[in-house]
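Let me begin by presenting the structure, written as structure tokens, before commenting on it.
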Amino acid sequence: MDALEPLLNSFGAEKIEGRQATFEQVARVHQAEFIKAIEEVCKDGPGIIDHAPTYITQTSYHDALLAAGGVIACARAVINGDAKNAFAIVRPPGHHAEPDRAMGFCIFNNIAIAAREALENGLQRVMVIDYDAHHGNGTQAAFLHEDRVGFISTHQWGIYPGTGWIEDAPHAKKRIVNVPLQAYAGDETYLRVSDEIFKPVVELFRPQMLFVSAGFDAHWNDPITSLGLSTRGYYNMTGKLVEIAEECCDGKIVFVLEGGYDPRNVANGAGAVFDALTHSQLRFDANDPSPYADVDHEARIHEILKWHGIPQ
């Protein structure tokens, strides 16, 4: 028996088999020369290919293809109706990888590749929501001029990669929406952002499917960030996203694992996502409320809504 099966059964979930993405699928997002360069540099691994540092081994090229292919398999299962929703637990992550370069531990942009695949399979509009603590610069770059893809990113302002301004992409207001947050934003801020930014932006864009870059480094005790979420905060926010998908996309939503630098937080956060996806009570409650007071973000939310011309 697959070692993962008992855990999946506890959630009422089933394993989706994936396979490596093809060169053509990856090339819908990444430049062909870059893909070939990654294949060649990995042959000489191990090594570091980005100052993050992004570390590669001799298997990293194939591992990255498999990660992208795993997200594609999840997206296809949801599009075809074989699964109501899905969670792609893959490595390496992807949301920092830009069309022409690897960045921030990311080689290929898994979620962007799967979003492109969804468009190739008949969908007209999809949206990516990124709640990793770091800005999803690669995903934004991939869809900067793609009117069929919406993008929202919540992230801690002032940390790596230093992108994600509110005023980014003025040509794509209401479609590319950045939500830079101060440290210790906390659970209540994320609930407000879910209600006051995620929901109206999705309703205006009218995607047929949601993709979510699920980073668990926004947890309050992550070793390299400080956004103040608890495990219950992740559960509540994920539940809001599932509700939004049910209202706007017939429930079609795929979560994709991104960052997280404390293994326990990643495990608890993943459990919270599964519970929310299956409409279960939070069974894996870490009972880890943030010891820090939430920072008020009312003015920031107002600023974002005003920039995009969204009624308040």
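Structural remarks
- The lone exception for Phe105 - which of (1) free of Cβ contacts under 8 Å to residues at least 40 places away in the same chain; (2) among the hydrophobic types (A, V, I, L, M, F, W, C); (3) at positive phi it fails: (1)
- Any hit, segment 111-118, residues being more than 24 Å from Val179 (Cα to Cα), aliphatic (A, V, I, L, M) and surrounded by 24 or more Cβ atoms within 10 Å (Cβ to Cβ): yes
- Single residue of segment 176-195 satisfying the filter (touching a strand residue (DSSP E or B) at 6+ places or on another chain (Cβ under 9 Å) and among the polar types (S, T, N, Q)) that is farthest from Glu247 (Cα to Cα): Gln182
- Of all the listed residues (Glu203, Glu247, Glu258, Glu298), the sole one being touching a strand residue (DSSP E or B) at 6+ places or on another chain (Cβ under 7 Å) and acidic (Asp, Glu) is Glu258.
- Failed condition for Arg283, given (1) surrounded by 22 or more Cβ atoms within 10 Å (Cβ to Cβ); (2) more than 23 Å from Gly164 (Cβ to Cβ): (1)
- All of Val29, Val78, Val41 fail the test of being of a type in the set (A, V, I, L, M), farther than 20 Å from Phe216 by Cα and without any contact (Cβ under 8 Å) to a residue 40 or more places away in the chain, apart from Val41.
- For segment 181-206, the candidate set comprises residues that are touching a Ser or Thr at 6+ places or on another chain (Cβ under 8 Å), surrounded by 22 or more Cβ atoms within 10 Å (Cβ to Cβ) and not hydrophobic (A, V, I, L, M, F, W, C); within that set, the residue that is nearest to Trp307 (Cα to Cα) is Tyr190.
Each row is one residue, and each column tells you yes or no for (1) aliphatic (A, V, I, L, M); (2) within 30 Å of His62 (Cα to Cα); (3) touching a Gly at 6+ places or on another chain (Cβ under 7 Å).
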{"site": "Arg116", "(1), (2), (3)": "no, yes, no"}
{"site": "Leu123", "(1), (2), (3)": "yes, yes, no"}
{"site": "Gly136", "(1), (2), (3)": "no, yes, no"}
{"site": "Asn178", "(1), (2), (3)": "no, no, yes"}
{"site": "Lys199", "(1), (2), (3)": "no, no, no"}
{"site": "Gln208", "(1), (2), (3)": "no, no, no"}
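- Verdict on Gly150 being assigned to a loop (DSSP other than H, G, I, E, B) and under 16 Å from the mean Cα position of the chain (by Cα): no
- Glu247 out of contact with any Leu (no Cβ under 8 Å at 6 or more places or on another chain), within 18 Å of Ser194 (Cα to Cα) and of a type outside the set (Lys, Arg): yes
- Test: Ser280 is at pLDDT below 95 and not charged (D, E, K, R): yes
- Odd one out for Arg148, checked against (1) in contact with a Phe, Trp or Tyr (Cβ under 8 Å, 6 or more places away or on another chain); (2) basic (Lys, Arg); (3) under 19 Å from Asn110 (Cα atoms): (1)
- Every residue from segment 8-21 that is assigned to a loop (DSSP other than H, G, I, E, B) and surrounded by fewer than 15 Cβ atoms within 10 Å (Cβ to Cβ): Gly12, Glu14, Lys15, Glu17, Arg19
- Ala97 vs. criteria crowded, with 23+ Cβ neighbours inside 10 Å and in contact with a Phe, Trp or Tyr (Cβ under 6 Å, 6 or more places away or on another chain): yes
- Count - residues of segment 204-230 that are over 17 Å from Phe87 (Cα atoms) and of a type in the set (Gly, Ala, Ser): 4
- Qualifying residues in segment 29-70 (those that are touching a strand residue (DSSP E or B) at 6+ places or on another chain (Cβ under 7 Å) and within 22 Å of Glu117 (Cβ to Cβ)) - the one surrounded by the fewest Cβ atoms within 10 Å (Cβ to Cβ): Phe34
- Checking each residue in segment 71-97 for being closer than 14 Å to Ala118 by Cα and either modelled with pLDDT under 95 or β-branched (Val, Ile, Thr) (or both) picks out Val71, Ile72, Val78, Ile79.
- Residue match in segment 210-228 (condition: among the charged types (D, E, K, R), surrounded by 18 or more Cβ atoms within 10 Å (Cβ to Cβ) and in contact (Cβ under 8 Å) with a residue 24 or more places away in the chain): yes
The values are calculated or read from the model by the stated rules, or taken from the named source; none is laboratory data. Source: prediction; values computed, not measured. Please note: Cβ atoms are built from the backbone with ideal geometry, for glycine as well, and neighbour counts cover all protein chains shown.
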